[in-house]
Amino acid sequence: MKKYIFFGISCLLLLLVMACTTTVTYTEPRFYTNAVTSFDILGEVVYESKDRVGYNELLRAARNMYPNCDYVIDIMVDQKLTVKTTVFFFLTSRSEVSTWVMRGTAIRYRK
C-alpha cells in the first residue's frame, strides 16, 4: 500500500513540476536585406480621418504629397479617442469622438 501512495505522490509532484516549466523558442531571421528590390524613400505620409480608412486613402494621400510614389510601407494605424464629459447637477453626459491616424513611408521603386 505504501508503494502505491509513494508512486501516486511522486507522479503528482512530477506533474506539478512539469506544469510549471515551459520552453521558449526564439525564431529569428538569419539575415535581413532589402536588396531584392531597390527603392528610394520619398518621405513620411500622415492621413487622419473621422471614419475608418484603408490603404487606398493612405496611398492617395502619399501620391498627393509625392507624385512619383509607387507604394507605402511601414504602415501604422492609431486611434485617438477624445472623451467629453459634461456634468449638469446630477446628470452626466459623455460623448466619444474617434479619429483614425494612418502613418507610413512613401517609396518609389528604382527602374
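In this simple spin-label model, placing a label point 7 Å from the Cα along the Cα-to-Cβ direction at both Y4 and M65 gives a separation of 7.6 nm. Counting Lys and Arg as +1 and Asp and Glu as -1 over every other residue whose Cβ lies under 14 Å from the Cβ of E96, the net charge comes to +4. Counting every other Cβ atom within 10 Å of each residue's Cβ, M76, M102, M1 order from fewest to most as M1, M76, M102.
With 10 angstrom as the radius, rank I5, I107, I75 by how many other C-beta atoms surround their C-beta, starting from the fewest. Least crowded to most crowded, the residues run I5, I75, I107. Between V97 and V77, residue separation times 0.36 nm minus the direct Cα-Cα distance comes to 5.6 nm. Taken along the Cα-to-beta-carbon direction at a fixed 7 Å, the label points for Y109 and S38 span 1.5 nm. Modelled label positions at V17 and V87, each set 7 Å beyond Cα in the direction of Cβ, lie 5.8 nm from each other.
No lab work stands behind these numbers, since they all come straight from the coordinates. Please read all numbers here as calculations on a predicted model, not as lab measurements. Quick reminder, even Gly has a Cβ in these numbers, built from the backbone with ideal geometry, and neighbours come from all protein chains shown.
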